[in-house]
Structure formats: C-alpha cells, structure tokens
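Notes for the one structure printed next.
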Amino acid sequence: MKALLHKKKSLLQRIDDYSEFLRGSITSVCSTCNRANCICTGKPTGRAYRLTYKDKQQKTRTVYISNAQLPEARRMLSNYSKMRDLMDKLFETNIDILKKKAKLKSND
Ligand SMILES: [Zn+2]
C-alpha cells in the first residue's frame, strides 16, 4: 500500500509539471486573406496562427495566437498528451489502491 501511495504522489507531482496544457490543434492562415491556402497575388505577407478546439458543448472555438506566443502554445499543446498519459497512469494506480483496500478489509 505504501508503494502505491508513493506512486500516486509522484504521478501528481508530474501532473503538476504538465498542468500548463492546451487542447486542440494549431493551424495557420495567410495573415492578409485569412485563408489556409493563400489566394493573394504578389508577395505573401506571412502567416497568422490560431488554435481550434472543441468546448464542452462540442462547439468549435478559435483562439488567435501571436507569433511571439507560438512556441509556448506548441509546448503547451504537447503537454496535453503527457497529461493524458499521466491521467491514465493515475487512474490505474487508483484502481490498484481500491483493490488493495478491499483486500485489506477482507483480511480483518
Ligand atoms: Zn493570402
């Protein structure tokens, strides 16, 4: 039991490390015509970035991301998969603790 509780504690610490996460995907559009595939003729003016995600009601939402924020947003997006992985591990640990508790009780 002690080992399981220790495992849980270390998982919670790692979850804290990845708590700055974003869900969704980052796409880019032309900053002039606002299209993924630029229709502007002449010099391209650069890309504008946005994060699209689904809210609780499964409605697609868009948040614009400045070029300066792009590296941070990408890092936060990759934190999400780590977060999910850790959540799965936490779930498995909780199941093990639940089983162990039941076993300890039946030994009374
Ligand atoms: Zn364009």
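Read-outs: derived from the displayed coordinates by stated rules, not from any lab. All values reported here derive from a predicted model rather than from experimental measurement. Backbone-built Cβ (ideal geometry, glycine too); neighbour counts: all protein chains shown.
Straight distance only, please: which aspartates and glutamates reach the Cα of Lys2 with their own Cα at less than 18 Å, same-chain residues fewer than 8 apart left out?
The reachable aspartates and glutamates, counting only those whose Cα sits under 18 Å from Lys2, are Glu92, Asp96.
What does the chain give for Rg and for Dmax, in Å, if only its C-alpha atoms count?
21.7, 81
Short version: ³J(HN,Hα) in whole Hz for each residue of region 9-25, in order, from phi by Karplus 6.51 cos²θ - 1.76 cosθ + 1.60 (θ = phi - 60°), x for Gly and Pro, what are they?
4, 6, 5, 5, 5, 5, 4, 4, 4, 9, 5, 8, 10, 10, 10, x, 9
Quick check for me: using +1 on Lys/Arg Cβ and -1 on Asp/Glu Cβ, what's the dipole size of the chain about its Cα centre, in debye to the nearest 20?
Computed charge dipole of the chain: roughly 260 debye.
Which lysines have a Cα less than 17 Å from the Cα of Lys7, not counting those fewer than 8 places away in the same chain?
Partners found: Lys82, Lys89, Lys99, Lys100, Lys101.
How much length is gained if the chain between Lys56 and Thr41 is pulled fully straight, taking 0.36 nm per residue apart and subtracting their Cα-Cα distance, in nm to one decimal?
Values: separation 15, 0.36 × 15 = 5.40 nm, distance 3.96 nm.
Full extension from Lys56 to Thr41 adds 1.4 nm.
Could you check the spin-label model distance between Asn94 and Ala68? Points 7 Å from the Cα along Cα→Cβ, value in nm.
Each label point lies 7 Å from its Cα, and together they span 4.0 nm.
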